[in-house]
Structures are given as C-alpha cells and as structure tokens.
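Read the structure below first, then the notes.
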Amino acid sequence: MTSAKNTFATNTVRMAKLALPITIGQLAIVGMSVTDIIIAGRLSTDDLAAVTLGSTVFNLSIMLVIGIILGNGPLIGQLYSAGKTRELRRQFQNCLWLCLPLGLLSSLLIGVGIFFLPQLDSPAPINNIAINYLLPMIGSAFLLPYIMAFRTTFESMGQARTAMTFNLMGFVINIPLDYLLVMGGGGMPALGGAGCGWATFGVSLFIVGGEALYARRASTLQIYQLLRGGQTFDRRPIVETLRIGLPIGGAILAEGGFFLLIPLLVAHLGAVTVSGHSVAISFDWMMFMVPMGISQAISILVAHELGRQRAVRARSICATGLCLTAIIALAQGAFVLLFRHQIAALFTPDKAVQELAASLLVYAAIFRVFDAINIGGNGALRGYKDTRITLVLAFVGYWLIGFPLSYSLALTDLWGPPLGVEGFWVGMVIALMFTSSLTGSRVYFTSQNAVLKSRAAKD
C-alpha cells in the first residue's frame, strides 16, 4: 500500500510539473477567445452572436488539422527520450513541411464557411459581422498548424514553459488589440466584432515569429538544430505523423463538431439563444483546459516511458492521470454549480443571456467529470500511438447516439415539447457518459497489453 501511495505521489509531481505550464498556455489561448466574447458582448448582443457564429466556423475548420499535428507529439517524445537527435530533427522539419498543405486546407475551409454562412436562418446584420470577423481569420488558420508544430515539439522535449510563455504573451497582447479594434481608439477604427478577428491574426503572427526565432537561437536547443541542416522533404515522417494524427483529428472533429454545430442549428432561435450558449460553452472550454493539460502530460510521459522500454511505469502514469482528471473535474463541477450566475454576469450585461447561460452551466457541471475522463484517456492512448480507436468511439458516441438524441430533444416533439438549446446539452451529457466509459476501458486493455508484450520480449 505504501509503495502504491509513493508511486501515485511521484507520478502526480511529475505530471503537475509538466501539466501546469501546458495548462496555463492552453488557458491563455482559450483566454483570447473568451476576451473576444466578453468585449463583443459589451458592445452588443448582435456582435456577441456574430463572433460566436464566426468562431464556430473557424474552430470547425481547424479541428482536423489540430489533431493531425498532435500526432507529432508522441513521435517527438519517444525520439527525445531515446536520445535520437538526428531523427528528432527530421521529424520536426518534415512536420513543418506537412503544415503547408494543412494550413492551406484550413484557410480553404474557412472560405467555404464564409460562402455558406448567409444560408443560415439568422439575421442579416449578424451574418455580415460574422463574415467580416472571418476574413482575417483565414490568415490565422494558415498559421495555426505551424504554431501547433512548435508547441507539440517544445512540450514533448520537456520545454512546455516555452510554449506557455509565447501563449501568455499572445493573450496579453490580444486584450488591448481587441479593445482598440472593436471599440476604436488610439487612431484605430471601430470595427465592431470584426476587430476580434484582426486582433487574433496579429497575435498569431507574433507567436509564430517568436517561436521560430526561439527554435533557431535558444541555447538549450542548439544540439538539435531544429531549423538548421537543410533537411529535405522525407515522406516517411510525414506518413507516420498522418498515421497517428489523422485519427486524433477525426476524433477531435467528431467531438468538437458536435459541440460547435449547436450555434448553427439554433441560430434561427435568435441572438439571446446563441449568446447564452456561447457564454456557457466558453466558460466550459476554460474548465476543459485543465484536464486537457493533464491529458497532454499523460501523453508525453507515457511516450517517454515507452521510449525507455518501461511499460509498467507507463501504465502507472495512465492510472495516476485518470484519477487526477476525475478529482479536478469534480471540484470544477462544484464550483460551476455554486457560482454559475456570477460567471454568466462576467460575460454580458444582458439579463436574458445571463439567465440562459446560468441554466446551461448546470449541464456543464454535470458532464465535466465524464469529459475529463474521456480527454485524459485519449491522451494516454496518444502516448501508446493507439489513436484509431478514439475516432471510432467519438463517431459512435457523438454522432450515432448523441446527435440524433440531442436534435430530437431540442428541435422536435418526438419526446414531448422541444427543449430548444437545452436539449443539445442533455444529449452532450449522455454522449460523454457513453464515450468516457469505453475510452477508460480501452486505456486499461492497451496499457495492459503493452506490459505483457514488454515482459514477453524480456523473456
């Protein structure tokens, strides 16, 4: 018993040291979106609804790409822990080659979204603001894969604080930029909700430039020569990144798409409904970043242990990580239940939006623990390079079960009077309960099989 407690404590300390800067960095990124929502909401409910619709199109356009580049993380992590410097540099540089078509794809998808946005049954003024918001976000979408490539590489090499620092700097810069471009001032025109898009593009340029300069000049990275050596195109690292990353991207798109389609499906219900959902989901995204940071730490530590041929320690990391995500999520849920009205008031002065957001935050508190276990389990499976199953589970849970149930509860009379946007949140809870249970089971069997294979290889 004492040995188990010591192992849990040791793993927790290791995980916390890695997860804390990752979580802070991710909160800074989400904080930029939250800043957009708050400032747009202070301007008008229409601007808030428009930024919500625009950010929905943006996020749907980049989710697959984010997942693909996340496949770079476990590859870098295992090469780093095995001391394979040349192979690590080849993996990173070819990941940058992969970023070019992925950035173009993301930009193209936003263009498609701009084309179809007027087809939504939402007021024309809201659509116009959303389109103007999305135009500069085309550039942000192109830069995002490069940001993710640097971030996953730094984090998997034990330099999570570097990515955190650049994200925090971006968050700080975004606040005055948002205010000046949305409200006007300092010689800048008042662009309304569209100003949030231009602020994000400027911050994206800053982060990419800063991370590239750091990768080239930092003394701690000189041995790896990440941006030197004239590395030519090599399809093998790219294929391996796609093999691991495509299922991750598909799973993220399946889960995130389920959440993000809701504003589009309820747009006809008016600005208050869209805005109330936006406030609730924005705060929940902030809560989500904590288990997400732990999930990234689980993935990196599992990859490091497997790179050192220590499958038993990798399994121990998984158990510790899932326990931590569940404990933290329970605390988050209690906090949201207690302070949901105050949370809603931080985002908007509109009383109708506040009341709707507060009621939706109850559902967010309920599903938080299931979502945390699911994302923690996905991180563990990434460390094992067992990513195809995550796509299958996400598709079944969110689209074969969750979406039909949510849609019928929200917008049809199949189960009684339509529940509106609340019906979608009920469906979220059920989908996450189902998916998290299967993900946890998969982690158990995958980690156990890795231990058995390791023992067989030694015998």
With N residues in the range 365-459, Rg(alpha-carbon) / (2.2 N^0.38 Å) equals 1.38
Could you check the spin-label model distance between Ala82 and Arg236? Points 7 Å from the Cα along Cα→Cβ, value in nm. 1.1 nm
Cβ-Cβ cut-off under 14 Å around Gly193, Lys and Arg +1, Asp and Glu -1: the net charge is -3
If you wrap the range 181-312's Cα atoms in a convex hull and average its projection over all directions, what's the area in nm²? 13.8 nm²
Can you compute the label reach from Met169? Point 7 Å from Cα along the Cβ direction, backbone N cut-off under 19 Å, restricted to the range 202-225. 202-222
Treat each spin label as a single point 7 Å out from the Cα along the C-beta direction, and report the Leu337 to Arg216 distance in nm. 5.4 nm
Just subtract the alpha-carbon distance of Glu355 and Phe116 from 0.36 nm times their residue separation and send over the number in nm, one decimal. 83.0 nm
From the list [x] 0.96; [y] 1.40; [z] 1.03, can you say which value of Cα Rg over 2.2 N^0.38 Å was derived from the structure given? [x]
Taking every other residue with Cβ under 13 Å from the Cβ of Ala19 and scoring Lys and Arg +1, Asp and Glu -1, one gets +2
Taking the range 330-369 on its own, what percent of its Cα-Cα pair distances exceed 14 Å? 38 percent
Would you tally the net charge around Ala215, using a Cβ to Cβ cut-off of less than 12 Å, leaving Ala215 out, and scoring K and R as +1, D and E as -1? +4
Which order do peptides 276-282, 358-364 fall in by mean Cβ count within 10 Å, highest first? 276-282, 358-364
Report, as a whole number in µm² per second, the diffusion coefficient that Stokes-Einstein gives for the range 296-354 at 37 °C and 0.692 mPa s using the Kirkwood radius over alpha carbon pairs. 232 µm²/s
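Every number here is computed from the coordinates shown, using simple stated rules; none is lab data. Since this is a predicted model, take the numbers as computed values, not measurements. No Cβ is skipped: glycine too gets one built from the backbone with ideal geometry, and neighbour counts run over all protein chains shown.
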